[in-house]
């Protein structure tokens, strides 16, 4: 039998993917399953992007590309970010990656040495920890509290002993799983706290275009020259333009670091699919109204979900989401009364009520669940009817 390398011996698949796979299995058996697990918009990719990919294939743009991506695309991303995110980006500071996830993976492989540690405000996206551990490092959770609205509060961490092997921090706003958007003032404090400790910063901004309540997204790299030098920004079009399956994203950092990331990419997946890159040039030039129409629909769903959750307040509480398309729900009252874990709850909810959600323990917070409202109102109505029956049975 083949012996596994130590780095993958304890590696598990994503809990979100597992729940989605189980939901698909139940659907195949004929059950009407509503999955509120995966963070995937139910819209189709905008037609101009589809047309650009089709045209690119017809014109023979199906060959190898430079490892860092087509120069025209890097220029388009740099122009877009400079205009919309309020900090100057040179095309040589851009790397085109196979989705934001792969951008994060490449970044960590280039930054982290075995034996080092990375700080993560927690609850946090499920893939941060395994990616850090695959680089040979460890994770130090920085607790976020429901009473703070899951916002970063550096005063909470003053008593924590940050070890000298801590080298960096991952910041994610708008946040997955909480749906919280960090204010500019909160990011200034958090970034200042990190810079005082000589930490590099990974800023995961994949949900940057999905914000509500007249709030504005702030890029960490826009907070000043020192912040920009210390930050690797990760983003893409997966969420804002419903391009999850296209596997397209980007990383932005100083040129020497991007050069090394490109070298690593050249030795792994070579580059992002050529016609996807060409279509992404078109995506960079789409008017903001294209993403805005999707966000408006997400907002309707968000408000409906909050109305339904408010009616279940005797069983649960939640933090008001102001970005992305998730709601983080505290089920402590119900779970403790029923002597059940959040994982057991999600398994039963899927098996009995045929509704898929993700246990909060996967994000580092027990007695919670994450629901995605990236599906239509009809499905959400059915899901909440089933959830209410499940909680009150």
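For the reader, a short list of remarks on this structure follows.
- Förster radius 35 Å - calculated FRET efficiency between residue 382 and residue 84, Cβ distance, rounded to 0.05: 0.40
- Inter-part distance, the range 9-42 to the range 166-245, computed on C-alpha centroids, equals 28 Å.
- Put a dot 7 Å past the Cα of residue 13, heading toward its Cβ, do the same for residue 226, and the two dots end up 4.6 nm apart.
- Per principal axis, descending, Cα span of the range 220-313 in whole Å: 53, 36, 27
- For the chain, modelled as a GNM whose springs connect Cα atoms under 10 angstrom apart, the maximal fluctuation among 153, 338, 379 occurs at 338.
- Each residue in 228, 83, 3, 239 was given a count of other beta-carbon atoms within 10 angstrom of its own, and listing them fewest first yields 3, 83, 228, 239.
- Expected-Rg normalisation [2.2 N^0.38 Å, Cα atoms] applied to the range 184-250: 1.23
- Shape metrics for the range 148-290, restricted to C-alpha atoms - Rg then Dmax, Å: 16.7, 51
- The ellipsoid that matches the Cα gyration tensor of the range 78-169 has semi-axes, each √(5λ) in whole angstrom, of 26, 20, 13, with the longest given first.
- With Cα atoms defining each centre, the range 258-301 and the range 93-146 are spaced 20 Å apart in the structure.
- The convex hull defined by the C-alpha atoms of the range 1-111 has an orientation-averaged projected area of 12.6 nm².
- The stretch between residue 285 and residue 188 holds 31.9 nm of extra length on full extension. This uses 0.36 nm per residue minus the Cα-Cα distance.
- With the highest mean first, a sort of the peptides 118-127, 8-17, 167-176 on other beta-carbon atoms found within 10 angstrom per residue produces 167-176, 118-127, 8-17.
- Mean projected area (nm²) of the alpha-carbon convex hull when the range 257-369 is viewed from all directions: 11.2 nm²
- Protection proxy ranking of 177-185, 210-218, by the mean of other Cβ atoms within 10 Å over each peptide's residues and highest first, is 177-185, 210-218.
- The chain - mean residue ellipticity at 222 nm from DSSP helices (-39,500 (n - 2.57) per run, n ≥ 4, rounded to 500): -12500 deg cm²/dmol
- Taken over the range 99-221, the percentage of Cα pairs per 10 Å bin, counting from 0 up to the bin with the maximum distance, is 13, 47, 34, 5, 0.
- Sorted from greatest to least, the principal axis extents spanned by the alpha carbons of the chain come out as 59, 57, 55 Å.
- Calculated FRET value between residue 92 and residue 270, using beta carbons and R₀ = 22 Å, to 0.05: 0.70
- Counting only DSSP beta bridges whose two residues both lie in the range 48-287, roughly 30 percent are antiparallel.
- At 1.002 mPa s and 20 °C, Stokes D of the range 55-112 from Kirkwood alpha-carbon radius, µm² per second: 165 µm²/s
- Relative contact order of the chain, defined on C-alpha pairs under 8 angstrom at six or more residues apart (%): 24 percent
- Model label zone, residue 213; criterion: amide N under 16 Å from point 7 Å along Cα-to-beta-carbon; scope the range 137-159: 145-153
Laboratory data are not the source of any read-out in this text; all were calculated from the coordinates shown. As the structure is a prediction and not an experimental result, all values here were calculated from the model. Every residue, glycine as well, gets a Cβ built from its backbone with ideal geometry; the counts of neighbours run over all protein chains shown.
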